[in-house]
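See below for the structure under consideration.
The values are calculated or read from the model by the stated rules, or taken from the named source; none is laboratory data. Predicted model, so just to flag it, every value in this text is computed and none were measured. Here the Cβ is made from the backbone with ideal geometry for all residues, glycine too, and neighbour counts use every protein chain on show.
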Amino acid sequence: MPEIQEYKEKYDELSSKVLSLSSRPDLEEFKTTSKALSKLGKLIALLEKRESKEKELTELQALIAGETNSEFLEMAEKEKSSIEKEIETLNELIDVEEHGKKEAINAIIMELRAGAGGDEASLFAMELMRMYQRYAVKKKWDFTIVDEHNTDLGGIKEATVEIHGDNVYNELKSESGVHRVQRTPDTEKAGRIHTSTASVAILPVTETSTITINTNDLDISFFRSSGPGGQNVNKVETAVRILHKPTGIVVSSQSERFQAKNKEKAMKILEVKLQERKNEEDASELSSERKKQIGSQDRSEKIRTYNFPQDRITDHRINQNWHNIESIMEGNIEPIIEAFRNQTSQSS
């Protein structure tokens, strides 16, 4: 982003142009230039306000670092939180002024997969899915499990979820990555702590897809919907699996009662994945978005650790901790989402 001084120089240029146009008969150009001048003035005011708030925050952080009085620290932390929220709001307003209002993405595809750790990883993947489901209920979002591959112990090998709700992508996009859990499994008789992983990928669903799917490129098969342990729960083959032969992408849907509906849903998911792939190619990315999000699912490639023995969740990207892990797993993940948003907005 250009410095404020550059915007001010541009503002002076436009001011001079408005003055010169005010004496000319070209009313349309005068209106257009005046509008641009007003918009630029608003942007400069927002930038100056953010600069002032950031300076205020830096000074407050310095005071907190050298303070020992607990009463003062409590007040200072509240003030710090308030300033951070103001800066976040200003960042959003500045982004709108610079780039225009962005359309909120109100639908996502969430993919969850068990990683390293066997049955414990599968159980953790299931718990993550339930955590997001409970959060969706709190937010009054629609949460639909489109496809799910269960284990005998009640975990999931992988699952595809569709979530619809106000600004859902912006809310959950930071959840993409490898989540690591440290705890003693119920099946562990020696009481040893195990480390397992599960991955989450968030794919935005937009209305502006540029993808055209050739039906000749598809291999479509049908199967019976399955429940926990893999047993069939439907006597009719209503579930749909689609292989996109050119890319090798496979999608499935078994959430609907009718085959046609499952096919429609699977096609939509395929379109989302192909659109994501195209966006990456257009941006000349070297690796797919999913690889960047979930890596190899190795224990070392993590964004967050859930340490049950110490009742602590750590987000390694922003180096922050939270306690009361049981409550967070019940869907109370707002503090983590908000902290990540605040941290990234300050560094942007």
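Yes/no matrix, rows are residues, columns are (1) in contact (Cβ under 8 Å) with a residue 60 or more places away in the chain; (2) out of contact with any strand residue (DSSP E or B) (no Cβ under 6 Å at 6 or more places or on another chain); (3) assigned by TED's automatic domain parsing to the domain that holds Leu14; (4) farther than 30 Å from Tyr306 by Cα:
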residue: Glu48; (1), (2), (3), (4): no, yes, yes, yes
residue: Glu51; (1), (2), (3), (4): no, yes, yes, yes
residue: Ala62; (1), (2), (3), (4): no, yes, yes, yes
residue: Phe72; (1), (2), (3), (4): no, yes, yes, yes
residue: Ile83; (1), (2), (3), (4): no, yes, yes, no
residue: Ile87; (1), (2), (3), (4): yes, yes, yes, no
residue: Asp95; (1), (2), (3), (4): no, yes, yes, yes
residue: Leu128; (1), (2), (3), (4): yes, no, no, no
residue: Met131; (1), (2), (3), (4): yes, yes, no, no
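A Cβ distance below 6 Å, combined with a sequence gap of six or more or placement on separate chains, defines the contacts here; from the range 193-220, residues that are among the aromatic types (Phe, Trp, Tyr) reach no residue that is at pLDDT 90 or above.
For the range 321-336, the tally of residues that are surrounded by fewer than 16 Cβ atoms within 10 Å (Cβ to Cβ) and within 18 Å of the chain's Cα centre (by Cα) stands at 2. Being of a type in the set (Ser, Thr, Tyr), out of contact with any Ser or Thr (no Cβ under 8 Å at 6 or more places or on another chain), more than 17 Å from Glu97 (Cβ to Cβ) and assigned to a helix (DSSP H, G or I) is a property that Thr68 lacks.
Going by what's in this entry, would Lys78 be described as among the charged types (D, E, K, R), under 15 Å from Glu97 (Cβ atoms) and out of contact with any His (no Cβ under 8 Å at 6 or more places or on another chain)? When the stated conditions are applied, Lys78 does not pass them. Within the range 294-316, the residues that satisfy the criterion of being at pLDDT 90 or above and either surrounded by 17 or more Cβ atoms within 10 Å (Cβ to Cβ) or within 17 Å of Ala198 (Cα to Cα) (or both) are Ile303, Arg304, Thr305, Tyr306, Asn307, Phe308, Ile313, Thr314, Asp315, His316.
Taken over the range 150-174, the criterion of being among the aliphatic types (A, V, I, L, M), more than 20 Å from Tyr306 (Cα to Cα) and not in a strand (DSSP E or B) is satisfied by Leu153, Val168.
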